[in-house]
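See below for the structure under consideration.
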Amino acid sequence: VELEQKHSSYWIDSTLSPVYPKLIGRRRFDTIVIGSGIVGLTTAFLLKLAGQKVALLEARKLVEGNTGYTTAKITSQHGLIYDRILKNFGQSTARLYAQAQQSALNLINQWIGQYQISCDYGLASASTYTQKDTCLPDIEAEVRATQQIGIPSRFVSKSDLPYPIKGAVVFPNQAHFHPRKYLLHLASLVNGDGSTVFENSRALYYDESSSTIEVKTLHGTAIANHLVIATSFPVFEKGFYASRLTAFRSYALGVYVSDPIPQSMYITVEKPLFSVRPQPTDKGTMLIITGLIHPVGHQIDTQQCYQQLEKLTRQRFSVKSIDYSWSAQDVSTLDGLPYIGPYYPYSHRLYMATGFSGWGMTNGTAAAMLISDQILGRPNPWQHIFDPSRLSQLKESGQLIQQDVHVAKTFIKGHTSPAQPTKPLEPGQGRVIHRHGRQLAVYHPPNQPPREVSAQCTHMGCIVNFNNAEKTWDCPCHGSRFSTNGEVINAPAIKKLKSADG
Ligand SMILES: Cc1cc2nc3c(=O)[nH]c(=O)nc-3n(C[C@H](O)[C@H](O)[C@H](O)COP(=O)(O)OP(=O)(O)OC[C@H]3O[C@@H](n4cnc5c(N)ncnc54)[C@H](O)[C@@H]3O)c2cc1C
Ligand code: FES
């Protein structure tokens, strides 16, 4: 199967990129927020609304992290999560989780009206469905669980998809939007009156004293009372997050079809995951199809993932054209609930949010609401269920050990894998080679000589793998990604890959 599409995110392709300055010199603020995804920008805006002066530091350009590559369904339906939360944590946690998501949905809806944000916002129901009889009991259990905690869900056995389904759990009155149009508007509201949005200002390290926090970038220092780490996988390892988080990648296509357009948003129960939602565009309604999933850096032939997603799409829809393809990553936690709150136990200055397991539009907005309440000293009922050092972690200590063993094995395998065959690289190919006791990541760009950087990830030293679809170096341990020049694309890494002779 040949892909016809451009290899870029529709959200980035369909919006202009505003320009914000770098942080230069020493600047004083009330709070520093690192990262310009949905968590960072929503937190910054909430704090500014509360009268704070905020610095938002973005390492690269605004909203070009995972939020620039999402599917952007805004829904409290997160697959079949409520039955699982009820069974694992009980009714109170399930209710609070649902309340957090619904409050996030309401806040987004409210701001879009209040600030007249033009962002293709549309209401739609959300459905998690199955095409297999064997999965029907899971759907029915989810309907029961959601009704038990007061979510107005229903069971259906028909849909407006052009292929049959066995059954679905439906949440009415959910939504979807253009995440960059929404967040770039928020950024313009954050900037000004003593608050500043900075681009190309990577946070390199921080210093915490008894009264302030200083964050250093290449050209400047921001000083504040509070720091929010909103970098998806958290930077600055303090809290054993590397042992408690898994980064996974997933794939998306922007597709025009000749079938009647489904009005709802859909996702399968069964694997491979297949998600559909409509998106209005200049050329008519495009379907955004997302699916497949694998831990970052573990799938060597990532081009094959796009091909598999295209195949699944063509089996289900009459495809007129595939205009876009992109992929993105997110992070999951040991117990399946996000980590939102103090960065390390009892910290009153540093906060973080991560682990949205593919549902960051509502979880990320709820995270901003919770963190801004914590910084402002306001009570918030969700703080215990999302507390990054919650006691349920103890139950997952077995999983924690497994994750550490997995990372240790990946580390050892990367460092001891046998030397590669010396066959020259074709243009467009990349490979890790051994030379003089070092492992080098070598990429051969078309029409240029091969370029080499160190293959050792700057986060904790694992050996990166080549991602042949995106032409990046991806770390199998915690999901850092680097360009073929070694520049950091995804946290937790902060520093670029060393030069081949460095
Ligand atoms: C394919 C796919 C589809 C998805 N679909 C949905 C969906 O339909 N609905 C939904 O709710 N969720 C969805 N998600 C999940 C959602 O996209 C994410 O949970 C969310 O975007 C994460 O937002 P964030 O703000 O935490 O991180 P990001 O958007 O990744 O933002 C982090 C930012 O931090 C910056 N940064 C990193 N390090 C530094 C540093 N040292 N200094 C300064 N800046 C730094 C990065 O450059 C980046 O801009 C999907 C995820 C995937 C992978
Ligand atoms: S991301 Fe942790 S070692 Fe590479």
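The values are calculated or read from the model by the stated rules, or taken from the named source; none is laboratory data. All values derive from a computational prediction rather than experimental measurement. Using ideal geometry, Cβ is built from the backbone for each residue, glycine included, and neighbour counts are taken over all protein chains shown. When the accessible area is computed, the model is the full protein with side chains, heavy atoms only, and any ligands, DNA or RNA have been set aside. Shrake-Rupley method; radii C 1.70, N 1.55, O 1.52, S 1.80 Å.
Calculate log10 I(q)/I(0) of the stretch 251-297 for q = 0.17, 0.19 Å⁻¹, where I(q) comes from the Debye formula with a single equal point scatterer on each Cα and nothing for solvent. Normalising to I(0) and taking log10 leaves -0.53, -0.63. With K and R counted +1 and D and E -1, the other residues having a Cβ less than 13 Å from that of residue 296 yield a net charge of -1. Each residue of the stretch 286-302 is assigned a 3J(HN,Hα), and the resulting list reads 9, 8, 9, 10, 10, x, 6, 6, 7, x, 4, x, 9, 9, 6, 8, 6 Hz, derived from the Karplus form 6.51 cos²θ - 1.76 cosθ + 1.60 (θ = phi - 60°), x at Gly and Pro.
Computed over neighbours whose Cβ is under 11 Å from that of residue 135, the net charge equals -2, Lys and Arg +1, Asp and Glu -1. Among the cysteines of the chain, those with no neighbouring cysteine Cβ under 4.7 Å are 119, 135, 305. Each residue of the stretch 39-49 was assigned a 3J(HN,Hα) from its phi angle through the Karplus curve 6.51 cos²θ - 1.76 cosθ + 1.60 (θ = phi - 60°); the sequence is 5, x, 5, 5, 4, 4, 5, 4, 5, 5, 4 Hz, with glycine and proline shown as x.
Please state the relative contact order of the stretch 271-402 as a whole percent: Cα pairs under 8 Å, 6+ residues apart? It comes to 17 percent, rounded to a whole number.
Percent of Cα pairs in the stretch 189-245 per distance bin of 10 Å, from zero to the largest separation: 18, 48, 30, 4, 0. Accessible area per residue for the stretch 115-240, computed on protein heavy atoms with a 1.4 Å probe, is 41 Å².
Separation of the stretch 172-249 and the stretch 1-65, taken as the distance between their Cα centroids, equals 8 angstrom.
In sequence order, the stretch 327-337 has phi-based couplings of 9, 8, 10, 9, 10, 10, 9, 5, 9, x, 9 Hz under the Karplus curve 6.51 cos²θ - 1.76 cosθ + 1.60, θ = phi - 60°, and Gly or Pro positions carry x. Under the shape rule built on the C-alpha gyration tensor, where the axes satisfy a ≥ b ≥ c, the stretch 419-493 is oblate, since a/c reaches at least 1.5 while a/b does not exceed b/c.
Taking 0.36 nm per residue of separation and subtracting the current Cα-Cα distance, fully stretching the chain between residue 237 and residue 468 would add 80.3 nm.
Calculated on the Cα set of the stretch 181-220, radius of gyration then Dmax: 13.1, 39 Å. Could you list the residues of the stretch 7-50 with an amide nitrogen less than 12 Å from a label point located 7 Å from the Cα of residue 188 in the Cα-to-C-beta direction? Output list for this probe position: 16-19. Remark: the residue 16-residue 133 segment gains 37.5 nm on full extension, using 0.36 nm per residue and subtracting the alpha carbon distance. When the solvent-accessible area of the chain is split by element, carbon and sulfur atoms take up 53 percent of it, the probe being 1.4 Å.
The convex hull defined by the C-alpha atoms of the chain has an orientation-averaged projected area of 23.5 nm². Working ranking of peptides 358-371, 324-337 by packing, defined as the average number of other Cβ atoms within 10 Å per residue, highest first, is 358-371, 324-337. Compactness check for the stretch 111-230: Cα Rg over 2.2 N^0.38 Å is 1.68. Extension gain, residue 307 to residue 460: 0.36 nm times the residue separation minus the Cα-Cα distance gives 51.9 nm.
The alpha carbon gyration tensor of the stretch 1-107 gives principal lengths a ≥ b ≥ c with a/c of 1.5 or higher and a/b no greater than b/c, which makes the shape oblate. Among residues other than residue 350 with Cβ under 10 Å from its Cβ, the summed charge is +1 (Lys and Arg +1, Asp and Glu -1).
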